[in-house]
Structures are given as structure tokens and as C-alpha cells.
1. Would you work out if region 141-215 is rounded, prolate or oblate? Take a ≥ b ≥ c from the square roots of the eigenvalues of the alpha-carbon gyration tensor; rounded if a/c is under 1.5, else prolate when a/b is larger than b/c, oblate otherwise.
2. Suppose we look only past 15 Å in the calculated P(r) of region 98-156. What percent of the Cα-Cα pairs does that tail hold?
3. Here is the link list: Lys72/Lys106; Lys173/Lys195; Lys110/Lys186; Lys50/Lys173. Which ones come out longer than 22 Å on Cα distance?
4. I'd like the distance separating the alpha-carbon centroids of region 1-35 and region 56-108, in whole Å.
5. Under a GNM of the chain (C-alpha, springs under 10 Å), which listed residue has the highest mean-square fluctuation: Val198, Val112, Val46?
6. Need one number: nm distance between label points at Tyr10 and Ser94, each 7 Å from Cα along Cα→Cβ, rounded to one decimal.
7. Convert each backbone phi in region 81-89 into a coupling constant with the Karplus relation 6.51 cos²θ - 1.76 cosθ + 1.60 (shift: θ = phi - 60°), then list the ³J(HN,Hα) values in order as whole Hz, x for Gly and Pro.
8. With label points built 7 Å along Cα→Cβ from the Cα atoms of Thr63 and Asp26, find their separation and express it in nm.
Amino acid sequence: MLEIRNTKVYDLKESIIACRNAMRLDMPEYTEEEFEKGLERAKKLVQATKNGKMVRCHDNFMTGIRVSFDMKYTQYITKQFQRYHWFDYVSSSSLMHRITKMDFSKCCNKYVTETSIKQMQELIADYNKISNEVVLDGYHEDHAERLYEAWMKVISNCPMGAELFVHVSTNYKQIQTIYFQRLGHKLKEDWGAFKEWVETLPYAHELIIGDIGNE
């Protein structure tokens, strides 16, 4: 199931201080005093966005608070993450490169059946057998056709519960969008884990959630 590790947050202080720029005449000083003033302003901007009927971009300063992390995820959830424009897959593990080396008894979530796992193991074994024949006998046209067919069976029958991992880059504003759109989603274990992770981020309640009463 979904798991997030190695979280890093960048430019939080700078972005919070910058949220007051519209009212400045000179560039800001990045001091603790300015941060405290900026944080109070940031909370108001978040609330204005949350409660606004027409304008919903008062808290755009949150695009500057950047977040990176490593995430383990299943095949069925990756399409949902990829619909978000500022949720970038920096680099991920690859089915195309490593599927015939993967141990499907270890890389699937708990809902993948033993039947599916056994089928994948058999298909991978068939592919590797043909691949070894190429090494031993040399490459022939017959090998090419058999190898392609075996490969397509492997990749086409990979269960949606197979898990990969990825390094992600995003920002607080995009995380806010994901957080509220996925509350109560039927994939409750995966999105529930994401929700719990969001709530651990620095100033998550004040900025991302807008729950300033939970400081």
C-alpha cells in the first residue's frame, strides 16, 4: 500500500515571508520577525481562499513551498496522481526495465491473489527461458517472435496491485488540492496514508488545510 519516506520541504520560510510582498515598497528581509508577520498574513490568505466565492488564489504563495519525497505506490493509483500538473515523477522504478527480474511474491500489495502471483512467476519464467535460449543459440527470427509474445504476456498480465517506487517533486498548493479532492476516496488505505502524511508537514493545518484552530 502507499508509503511515503524521505520528505524534504524547501523555501517554506521564504515563501511565507514573500506572501506580504504585495504591500511592500522594498524587498523583504528574511528574518524571524518577518517570518512571524508573514505567517499571520499567510493564515489570513489561506482563509480568504477557503471562504472566497469568486477569488480562489489568495494563497498562491504556497506554490513556492516545495516538497520532495520517495513514495511506494500501486499501479491502480498512479493514474490518479499523474492527473495533477505540479506532481512530478522525478524518477521511478520501471516495469519496462525490471519486471522480468521482480519477485512478485514480495512486490505486490496484500490484495493480489496467489493465483495472480503464480501466473506472473510462470510467465516471467517462460520469458527468461526464451531469453536464455537466445544467449545460448544466438539470435534468430523465431526467437524474436517468441520473445516478443512472452514479453507482452508478462507486461499485459501484471496485476494492478504490483508496487513500484518513485521520487516526487511538488508544492504545498498542489498538495492542498490533492488533499481535499481525495478526502473520503474509496481507496481509503492509499489515500488515507497520503492524508495522514500531509497532516505531518510543517504548518500543514495552518496553510494546507486551513484549520487554524488546530495549531
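1. Since a/c reaches 1.5 and a/b is larger than b/c, the shape of region 141-215 is classed as prolate.
2. Numbers: 864 of 1711 pairs.
Taking all Cα-Cα pairs of region 98-156, the fraction more than 15 Å apart is 50 percent.
3. Working: Lys72/Lys106 13 Å; Lys173/Lys195 14 Å; Lys110/Lys186 17 Å; Lys50/Lys173 12 Å.
Violating the 22 Å limit, Cα to Cα: no pairs.
4. If you average the Cα positions of each part, the centres end up 24 Å apart.
5. Most flexible of the set in this elastic network: Val112.
6. The answer from the label model is 2.4 nm.
7. Using θ = phi - 60°, the values come out as 5, 6, 6, 8, 5, 9, 10, 9, 7 Hz.
8. Computed distance between label sites Thr63 and Asp26 equals 2.9 nm.
Coordinate-derived values only; no laboratory data. This structure is a prediction, so every number in the text was calculated from the model and none was measured. Note that we place each Cβ from the backbone using ideal geometry, even for glycine, and neighbour counts take in every protein chain shown.
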